[in-house]
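Take a look at the structure set out below.
The values are calculated or read from the model by the stated rules, or taken from the named source; none is laboratory data. It should be emphasised that the depicted structure is a prediction, and the values quoted were computed from it without experimental measurement. Don't worry about glycine lacking a Cβ; one is built from the backbone with ideal geometry, like all the others, and counts go over all protein chains shown. What goes into the accessible areas is simple: the full protein's heavy atoms, side chains included, and nothing from ligands, DNA or RNA. Shrake-Rupley method; radii C 1.70, N 1.55, O 1.52, S 1.80 Å.
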Amino acid sequence: MRRLLSTGLAAMLTVALTGIGGSAAQAAGDPADTPCTAELTVDLDPGVSLQPSSGSFHTEGQDGSLTCSGPVDGQTPVAGGKGGAVGRYGIDSPNSCSKLDGKLEFTITASLPTEHGQINFTDHGTGEYGPGEGSWFFGGSFKGQKTYGTYKLTPVGGDCLVRPVRQLYMQVTAWVVNGKADTEAASRMTLAR
């Protein structure tokens, strides 16, 4: 139970961090959304503990890794890139060991190499998180102006009850929007509960 609580807390903050990726059916003539995956670690302040609180999260710059298999901002990456995120968690109500669900807002950044130079990508958005989301101990979904996706969170250190969870490892499955709205976006964002 202690592990479940700490996992849930950690997931809250990491949801906002990484959001790039996707593949989907779109209207004729428009490119499909580009699928991406990312892995990163976010720091939470003040973290999740027995004391209810809301707070902020961030990566150490663009220290996360990401891969996209298609165009991003009109260019196709030739290799994996780096990404990072900053944001706030518990924006709807404070979180604690006994209340691990909530909402967040974030800004993500990414740098991806192409044959013609580097893509510098930024997006702003919102997300939701909670225990059991995404067929995982703790996870959630997010949507920005240019990206959408789901994520899984795993606490790194802390157990919530004795020591606050102040760091989360995040695995993100995301899509970068290309052209018009993707007709399959809603089904990809549906989380197993």
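No other residue among SER111, SER93 is hydroxyl-bearing (Ser, Thr, Tyr), outside any strand (DSSP E or B) and surrounded by fewer than 21 Cβ atoms within 10 Å (Cβ to Cβ) apart from SER93. Here ILE91 does not fit the description of being aliphatic (A, V, I, L, M) and farther than 21 Å from LEU50 by Cβ. Is it true that some residue in the range 93-111 is more than 19 Å from ASP45 (Cβ to Cβ) and touching a Lys or Arg at 6+ places or on another chain (Cβ under 6 Å)? Yes: the range 93-111 contains one or more residues that are more than 19 Å from ASP45 (Cβ to Cβ) and touching a Lys or Arg at 6+ places or on another chain (Cβ under 6 Å).
Among the residues of the range 96-105 satisfying the criterion of being open to solvent by 70 Å² or more (accessible area, probe 1.4 Å) and not acidic (Asp, Glu), which is farthest from CYS160 (Cα to Cα)? Residue satisfying both the conditions and the ranking: LYS103. If you go through the range 69-81 and keep only what is open to solvent by less than 20 Å² (accessible area, probe 1.4 Å) and in a strand (DSSP E or B), you end up with VAL72, GLY81. Filtering the range 156-173 to residues that are open to solvent by 10 Å² or more (accessible area, probe 1.4 Å) and either on the phi > 0 side of the Ramachandran plot or not hydrophobic (A, V, I, L, M, F, W, C) (or both) leaves GLY157, GLY158, ASP159, ARG163, PRO164, ARG166, GLN167, TYR169, GLN171, THR173.
Can you work out which of the residues in the range 114-155 that are assigned to a strand (DSSP E or B) and charged (D, E, K, R) is least open to solvent (accessible area, probe 1.4 Å)? Residue satisfying both the conditions and the ranking: ASP123. Scanning the range 48-66 for residues that are within 17 Å of the chain's Cα centre (by Cα) and surrounded by 17 or more Cβ atoms within 10 Å (Cβ to Cβ) turns up GLY55, SER56, PHE57, HIS58, THR59, GLN62, GLY64, LEU66.
Report whether or not ALA85 is under 22 Å from ASN120 (Cα atoms), in contact with a strand residue (DSSP E or B) (Cβ under 9 Å, 6 or more places away or on another chain) and not in a strand (DSSP E or B). No, not satisfied.
Considering (1) within 16 Å of VAL177 (Cβ to Cβ); (2) surrounded by 17 or more Cβ atoms within 10 Å (Cβ to Cβ); (3) not charged (D, E, K, R), the lone condition that GLY84 does not fulfil carries the number (1).
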